Amino acid sequence: MPLHPTHPTLYQIIICARSREKNFFKLNLVIKNWQTKFSTSNRIRSLEKIVKMDNEFNVITEGKASILFPKNNKVFYNNVQQFNRDISIAAIKIWSKIFSEEKLNKAQQKKGSDINIQSSSKPSKTYTFTILEALAASGLRSIRYAKEIPNIKYIIANDLDLDAVDLINKNVEYNELSKDFVRANQGDACSVLYQHRSFPDRFDVIDLDPYGTAAPFIDGAVQAVEEGGLLCVTCTDLANLTGSNYPEKCYANYGSIPVKGEFCHEMALRILLHTLSTSAAKYRRRIIPLLCCSIDFYIRIFVRVVTSPVEVKNNPCKTSMLYVCTGCHSYYTQPLAKVTGKNTYVPMVGPIVNNSCEHCENKFHVGGPIWTHSIHDKQFVLRMLEHVKESNNETYQTHSRMLGMLSVIMEELDIPLFHNLSALAGTLHCTSPSLKTFCSAILNKGYKVSASHAMAGSVKTDAPMSVIWDIFRSWIQLHPVTMKNIKENSPARKILAIEPRFYYTSKC
Ligand SMILES: C[S@@+](CC[C@H](N)C(=O)[O-])C[C@H]1O[C@@H](n2cnc3c(N)ncnc32)[C@H](O)[C@@H]1O
Ligand SMILES: [Zn+2]
C-alpha cells in the first residue's frame with residue numbers, strides 16, 4: 001500500500017517502516033533479498049525517502065506496479081494504454097515460453113553445446129531473457145514487466161528525457177526492485193538500438209512505445225533484436241496511417257501510401273508490417289507477425305525477427321498494391337511479385353483492375369504497398385487466449401477486453417482488409433440487412449466470412465465484389481430504395497442498373 005503522510009514525523013516514519021516491514025514478508029523474493037542485505041536503520045532511511053516521495057508525487061497502481069507520478073505532471077502517463085501494457089505482458093509471457101522451448105529443443109539436439117542451461121532438472125523454465133524498453137517515460141511498463149513476467153534477466157528502461165530517467169530510478173526504488181534488474185538509462189533510443197546491433201549485445205525483447213510514430217526507431221530495432229526475439233511496437237499516429245491526413249507524411253515515415261476506406265485501421269497494421277518487413281530485409285532478416293491489434297486510437301503489433309535470406313526473397317509475394325474505387329469503395333489487392341519456379345521471382349502483370357471500376361465506372365485510388373500475408377499466428381493467439389482464460393481481473397485489470405479481442409482475432413479470416421456493412425448499404429442508399437442475414441448470404445454462396453477485431457460491423461470475406469453487390473441487389477428487391485433520391489451518375493444507380501443473378505430468400 002502506498003503511503004501518503006502529509007508531514008511525516010520520525011514517529012510516523014518508524015510506524016510506517018514497521019507496517020511496511022510486515023508487508024515485506026508477504027512480498028516476493030526480490031524484497032527478501034533486499035531485507036537480508038540492509039540493516040534496520042538503512043531500511044528506515046530508505047523509507048524516509050519513500051515517504052518524502054509520497055508528498056511530491058501521486059501514486060498510480062497498475063498491475064503489480066505502484067508508480068510515482070509527479071504532481072506537476074511533467075512525465076507522460078497514459079492510463080488509457082493499460083490495455084496495451086496488459087496485452088503486452090501476456091504476449092511476452094507466451095513468446096518467452098516458445099523461445100525457451102525452442103532453445104531447449106536446440107540444446108537437446110546438439111548435446112554438449114555451450115548453451116547455458118542453468119538447471120539440469122527443469123531446464124525449460126530457466127532460460128532468461130533481456131528486455132529493452134526504448135522509450136520508457138515513468139518506467140511503469142518496465143516495472144510491470146519486471147514484476148509480472150517470469151525469467152527476465154534484466155530490463156533496460158531508456159528515455160531521452162533526464163526527468164523521465166530520474167523518475168524511472170525513483171520508481172524502481174519505490175517498487176523495491178534492484179537497479180541492476182531494472183536499469184534506467186538516459187539516451188536516444190536510436191543510439192541505444194544501434195549500440196546493441198551485434199551479438200551478444202542484442203536484446204531478446206524490444207519494446208517501442210513512442211508518442212506518435214515508431215518509424216524512426218524501426219531500423220535500429222530490427223537489427224538489435226536477438227534471433228527469434230520479439231519486437232513490440234506501438235504507433236499512435238493513426239491520422240497518418242489511416243489516410244485521413246496527409247498521404248505524403250505516411251509515405252515519408254512508412255514508405256506506403258494510405259487510402260481512405262472502412263478497413264483503414266487494418267490497413268494501418270499492414271502498413272507498419274510492410275515497414276518492418278522491408279527494414280528487416282536489408283539485414284537478411286524476416287518478420288513473423290504473432291499478433292497485430294488495432295486498439296482505440298493506436299495500433300500495437302508483436303512480431304518475431306529471424307535471419308533468413310531465403311524467406312526474405314518471398315517478401316514481394318507477401319506485399320501488395322491496393323486499389324480502391326473512388327465511387328463504390330470496392331477494393332482489390334495485387335501482390336508485387338510471384339514465384340514461377342523454384343526460387344524464381346517475377347513481377348506481376350498489372351494492374352489487376354481496369355481503368356475504371358467495373359461496378360460503378362469511377363476511377364481508382366492506388367495505395368500501398370502493404371503487407372498482405374498473415375497478421376496473426378493463430379497458434380500463438382490460441383496460447384495467449386488460454387493463458388488469459390486461466391488468469392483473472394487481478395492479473396489483468398483489462399481481462400474481459402483481452403478475452404474479447406483475442407477471441408475475435410482467433411476467428412478472424414486470414415484475408416486482407418474488410419467491408420463495413422453499413423457503409424456498403426450507404427453506397428446503395430438502402431436499409432442495411434442484419435449482419436447475420438448478410439453473412440448467411442455470403443456463406444450460402446460458398447464463400448468464407450468472419451468479423452475483424454478492428455471494427456464493429458466489419459465483414460471479412462473471400463467473396464468477390466461482384467457477389468457482394470449481387471447480394472445487395474437481391475436484398476433491395478425485397479427492401480426497395482427510393483430511386484428518385486439517388487443522383488443520376490451515382491455508384492448506386494450504376495450498381496442497381498444490373499439485375500441480380502442471385503435471389504435473396506429468407507433462408508439465405
Ligand atoms: C509515450 S511515452 C512512453 C510511455 C511508456 N512506454 C509507458 O508505457 O508508460 C514516450 C516517451 O518517449 C520519450 N522519447 C521521445 N523521444 C525519444 C528518443 N529519441 N529516445 C528515447 N526516448 C524518447 C519521451 O521522453 C517519453 O517519455
Ligand atoms: Zn466502383
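Quick notes
Yes/no per residue for (1) within 18 Å of the chain's Cα centre (by Cα); (2) closer than 27 Å to ALA451 by Cα; (3) open to solvent by 20 Å² or more (accessible area, probe 1.4 Å):
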position	(1), (2), (3)
ALA239	yes, yes, yes
ASN245	no, yes, yes
ILE257	no, yes, yes
MET267	yes, yes, no
ARG270	yes, yes, no
ALA280	yes, no, no
ARG286	yes, no, yes
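- Failed item, numbered, when TYR298 is tested on (1) open to solvent by 20 Å² or more (accessible area, probe 1.4 Å); (2) within 16 Å of ligand 1 (Cβ to nearest atom); (3) of a type in the set (Phe, Trp, Tyr): (1)
- Residue match in segment 256-267 (condition: among the small types (Gly, Ala, Ser), over 24 Å from GLU227 (Cα atoms) and in contact (Cβ under 8 Å) with a residue 60 or more places away in the chain): yes
- Counting only helices (runs of 4 or more DSSP H) that sit wholly inside segment 404-507, those with at least 2 residues that are within 16 Å of ligand 2 (Cβ to nearest atom) and touching a Gly at 6+ places or on another chain (Cβ under 8 Å) are 491-496.
- Where a residue in segment 230-245 is touching a residue at least 24 places away in the same chain (Cβ under 8 Å) and over 12 Å from SER294 (Cα atoms) and its partner, wherever it lies, is open to solvent by less than 20 Å² (accessible area, probe 1.4 Å) and within 16 Å of ligand 2 (Cβ to nearest atom), with Cβ under 8 Å and at least six apart: GLY243/VAL259; GLY243/GLY367
The values are calculated or read from the model by the stated rules, or taken from the named source; none is laboratory data. If you're wondering where the values come from, they're calculated on a predicted model, not measured in any experiment. Counting neighbours? That spans all protein chains shown, and the Cβs are built from the backbone with ideal geometry, glycine included. Protein only, heavy atoms only, side chains kept; ligands, DNA and RNA dropped before computing areas. Shrake-Rupley method; radii C 1.70, N 1.55, O 1.52, S 1.80 Å.
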